[in-house]
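The values are calculated or read from the model by the stated rules, or taken from the named source; none is laboratory data. Note that the structure is a prediction, hence the values are computed from the model and not measured. Backbone-built Cβ (ideal geometry, glycine too); neighbour counts: all protein chains shown.
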Amino acid sequence: MNDAQPTMPELRIDIDRETAGGQYANFAVFSHQKNEFYLDFALLQPQTDPNVVGALVVARIITSPQHAKALLHSLAENISRYEQTFGPIPEAVDPSRA
């Protein structure tokens, strides 16, 4: 009897130059429907009108509820490891309410 575990194929992730440069975002808005989660990442613009906070969406990710939940757990795990290495991350102030 062979008890060897089947080997998983290697995951190879390719990324083009433009995507590898990334997009900076300092604000995010999340919403959902039954079968999708929408993750909008935005850049808050300098205020020219004190009554209006402008934000430009720089990336939108649409994913399944299952993947959104896996992302939540992975992000929490990575934040925990980050804080073990660099110390606690202070809570952010909601810039839209400042």
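Tell me, which strands (runs of 3 or more DSSP E) lie completely within region 13-98 with 1 or more residues that are in contact with a helix residue (DSSP H, G or I) (Cβ under 7 Å, 6 or more places away or on another chain) and touching a residue at least 40 places away in the same chain (Cβ under 8 Å)?
27-32, 37-44
Collect the residues in region 82-98 that are surrounded by 10 or more Cβ atoms within 10 Å (Cβ to Cβ) and modelled with pLDDT of 95 or more, keeping them in residue-number order.
Answer for region 82-98, where residues must be surrounded by 10 or more Cβ atoms within 10 Å (Cβ to Cβ) and modelled with pLDDT of 95 or more: Y82, E83.
Is there a residue being exposed (fewer than 11 other Cβ atoms within 10 Å of the Cβ) and polar (S, T, N, Q) anywhere in region 51-60?
Yes: region 51-60 contains one or more residues that are exposed (fewer than 11 other Cβ atoms within 10 Å of the Cβ) and polar (S, T, N, Q).
For V53, are the conditions met, namely being in contact with a strand residue (DSSP E or B) (Cβ under 7 Å, 6 or more places away or on another chain) and within 24 Å of A20 (Cβ to Cβ)?
Taking the combined requirement at face value, the residue does not satisfy it.
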